[in-house]
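The values are calculated or read from the model by the stated rules, or taken from the named source; none is laboratory data. Since we're looking at a predicted model, the values are computed, not measured. Note that each Cβ is placed from the backbone with ideal geometry, even for glycine, and that neighbours are counted across all protein chains shown. Just the protein is used for accessible areas: all its heavy atoms, side chains included, with ligands, DNA and RNA removed. Shrake-Rupley method; radii C 1.70, N 1.55, O 1.52, S 1.80 Å.
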Amino acid sequence: MSTPRSAAPSSSSPASAAPVASGPDRVPAPGSPGRFGSLGPVGLVLAGCVSVQFGGALAVTLMPRAGALGVVSLRLLVAAIVLLLVCRPGLRGHSRADWGTVVVFGITMAAMNGLFYQAVARIPLGPAVTLEVLGPLALSVLASRRAVNVVWAGLALTGVFLLGGGGFGGVDPVGVAFALGAGAMWAAYIVFSARTGRRFPQADGLALAMAVGAVLFLPLGVAESGARLADPTTVALGGAVALLSSVLPYTLELLALRRLPASTFAVLMSLEPALAATAGFLVLGQSLSPLEALAIALVVAASMGAVRTQVGRAKTPGAAAGS
C-alpha cells in the first residue's frame, strides 16, 4: 500500500510508485528526527506498518459505535486538521487545473478510504488488505510491460483464487467487491498523488486534498451515525485511529526514508497483507486457515516481485520514466 510513500509531494512516476503508495488509512505527517532514530530505518518502516494495521484493527472495533462511514469521517477529519495545521498550505497562486487536480485527488482519497472500511466491516482485515493491494500491484505490472510480470500476475491471481476458496463462496461477496474497489481507488490515488505533487510544494496539495475528502465524507458519516459521532469516547477512539493509521506511521516512514533506499522501503511495504492478518488475529480474533495464509503469502510474493522488477527496470539505461 511510492517512492516515497508520502506520494503527494513526490514527483516520481506512478508506475514506479505503484505497489507501495500511501495506503487507504495513511496520511503523511512530519516528524522529529531524534526521537525514533535508535530503531534503525528498517525498524522504523516495520513499526510504521504495524501501526497502520493495528490502527485498522482498532477502526473495526469502533464500527459498532460509529458505523463504517462514521469511522472514515472521523479519521479523515482528524487527519485533515493535523495536516492543515502542520502544512499551512497557501490558497493563492494556483490555477484552475491545480484546484481540479486537488479536488479529484480528494475524491479519490475519500472513496479509497470509504470502500476499504466498508470491506473490513464485512470480511477479515488480512484478506481485505490482500485484495486491496491488487490495485497498485496491477498498476505496477501494467506499467512495467515486462514478461516476468506475467509470473507476478499469475502468483497474485493464484493467491486470490485460494483466498476465495475457488469462488469466494465462504467470503462475503459484497466485502470482496468493496476491497477490490478500494484497490482500484488506491491505484488512482497513486496517479493523482503524483500529479498533485508536481503542482503543489511539499505536502500542501495532500493537505488540501485531505480537507476536500473530509468535507465530502462528513455528511455521509453524519447521515449514518448522527449524534454518535460527537460522543467523547467515539471521538477519542477516532483520533487514536488517525494517530495510528496516519500521523505515527508517516512520521516513522519519513524518518526512515532519509537513510533507506526507496527500493528497500517498497519491498518492506509489500509485507502489509501479512501484517494486517496478524493484527486481525491479535486484536479481532480473526484466524486464517492454512489455505488463506498461503494465499496471502502468494500475493505478498507477487507484490515483492513486481517491486523488484520495477526497480530493475528503472535502473536500466534508457528505461522509460513513466508519466
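Points worth noting:
- For segment 154-188, the set of residues classified as modelled with pLDDT of 75 or more and among the small types (Gly, Ala, Ser) consists of Gly154, Ala156, Gly159, Gly175, Ala177, Ala179, Gly181, Ala182, Gly183, Ala184, Ala187, Ala188, listed by residue number.
- Counting residues in segment 257-268 that are open to solvent by less than 50 Å² (accessible area, probe 1.4 Å), farther than 23 Å from Ala187 by Cα and either within 21 Å of the chain's Cα centre (by Cα) or modelled with pLDDT under 80 (or both) gives one or more.
- Exactly one residue among Leu83, Leu125, Leu134 is at pLDDT below 90, under 23 Å from Val212 (Cβ atoms) and either surrounded by 20 or more Cβ atoms within 10 Å (Cβ to Cβ) or out of contact with any helix residue (DSSP H, G or I) (no Cβ under 9 Å at 6 or more places or on another chain) (or both), and that residue is Leu83.
- When residues of segment 40-71 are limited to those that are more than 17 Å from Ala236 (Cβ to Cβ) and among the β-branched types (Val, Ile, Thr), the one farthest from the chain's Cα centre (by Cα): Val42
- Only one of Gln310, Gln286 that is at pLDDT below 80, more than 23 Å from Gly40 (Cβ to Cβ) and either open to solvent by 10 Å² or more (accessible area, probe 1.4 Å) or in a helix (DSSP H, G or I) (or both): Gln310
- Count of segment 195-239 residues, restricted to those that are in contact with a His (Cβ under 9 Å, 6 or more places away or on another chain) and not in a helix (DSSP H, G or I), is 1.
- Subset of segment 46-76 (residues that are farther than 28 Å from Leu271 by Cα and open to solvent by 50 Å² or more (accessible area, probe 1.4 Å)): Pro64, Arg65
- Of all the numbered requirements in (1) over 23 Å from Val300 (Cα atoms); (2) at pLDDT 90 or above, Gly90 misses one, and that requirement is (2).
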